[in-house]
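Below: one structure, written as structure tokens.
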Amino acid sequence: MFTKILVPLDGSTLSEKALPYAIGLAQTTGAGIVLARVADKSEIHSVHDVEKLLQEIEDYLHRVRNYIANTSTHFQLPASRMECYAIHGHATQEVCNLARSTGADVVVMTTHGRSGLSRLATGSISGQIIHSIGMPVVLVRPQVSDSNSELLQETLLSLGEPCETWMESLHRPTSSILVPMDGSDGAATALAPAMQLAARTGATIHLISAVSAVDLVGYGYLLGTPYGARGVEDLEEENRKHAQNYLESISRQIVAAGLAAPIKVIKSGDADQVVLDYARSTRPLAIVIATHSRGLIGQFLLGSIAEKVMRESHLPVMMVAYTAPILTEDVLIGTTTTGA
């Protein structure tokens, strides 16, 4: 994994704000980059429109590639490590097809944009691409500038927060990757790509689990028949021990794969707030989180906690579609699913 990074663009400043993150990952992992822009069918009314629009898109992508190849900023990448694809059709389907045909193994994109591909990161279409593309999708929610006329040069020269802090952490010896774990098979799916990213960047994995307070009503406080304070404390302690044992078992698998022993964190509170607070204090390279479970829904899966973390954090959030995890010493090879 992390041999080729697909970056869908729509020509807007906001979509281009994914580029610093993609370039930073490419520089650190040695990956190549695939720059792509899809002409949506709604913009095409004739064969002439197709030819004209594709030529405009191709010119745009070449300008982006040439600037990155010749820039004097930290975001330089040789042109030989970048590919450009101007395509037309249904945006979600074409991006998925392009990812497979080019051999990309991870997608990096922003969660906002102006048109076309901007819709990939919102609503049901976001779920469609994440669950259909068969590879992790890194979503970035950039700070929104007052103007959408910012040039690519300005984007890379004046990054501002949070990208500048993220770039610093990318090259920091103590960099980390945050992996929320809730004990479900779905959440464990995030482990393989997190380990692959750690292997390529040298970052330490931080495993975090949230222990929620016991539901007092559910344990006998209904109708004035309390379960008992001691009983509640015992239940909460049992939950904490279960989480500790679970993280220990995951930790052993990470160490067996040749990676540094992870940091294990167990905190009490709502899962989304626990993850967000810890991420703000540690500034990880990425939060790697599963997005869907075919069976029981874990507390960290898309539709609940994952969406909140992505919505409230400016850190890159790597979404990993659920697949039955295969956690062995060969986990660095990884497995993914192409269906939801």
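Every number here is computed from the coordinates shown, using simple stated rules; none is lab data. Keep in mind that what you see is a predicted model, and the values were worked out from it rather than measured. Note: ideal-geometry Cβ built from the backbone for every residue, glycine included; neighbour counts use all protein chains shown.
Once the dipole of region 1-98 is set up with Lys and Arg at +1 and Asp and Glu at -1 on Cβ about the Cα centre, which of Cys96, Leu25, Ala86 lies farthest towards its positive end?
Of the options given, the answer is Leu25.
Of Lys17/Lys308; Lys241/Lys308; Lys17/Lys52; Lys4/Lys308, which ones are farther than 24 Å apart at the Cα?
Lys241/Lys308; Lys17/Lys52; Lys4/Lys308, as the Cα separations exceed 24 Å there.
Quote the FRET efficiency, to the nearest 0.05, computed for Gln76 versus Lys241 with a Förster distance R0 of 56 Å and r equal to the Cβ-Cβ distance.
FRET efficiency, Gln76 to Lys241: 0.65.
Going by average Cβ neighbours within 10 Å, how do the peptides 52-62, 185-195, 202-212 rank, with the highest at the top?
Going from most to least packed, we get 185-195, 202-212, 52-62.
What list of ³J(HN,Hα) couplings, whole Hz, do you get for region 49-55 from phi and the Karplus terms 6.51, -1.76, 1.60, once you set θ to phi - 60° and write x for glycine and proline?
In residue order, the calculated couplings are 4, 4, 4, 5, 5, 5, 5 Hz.
Enumerate the residues in region 89-113 having an amide nitrogen under 16 Å from the point lying 7 Å beyond the Cα of Asp49 toward its Cβ.
89-91
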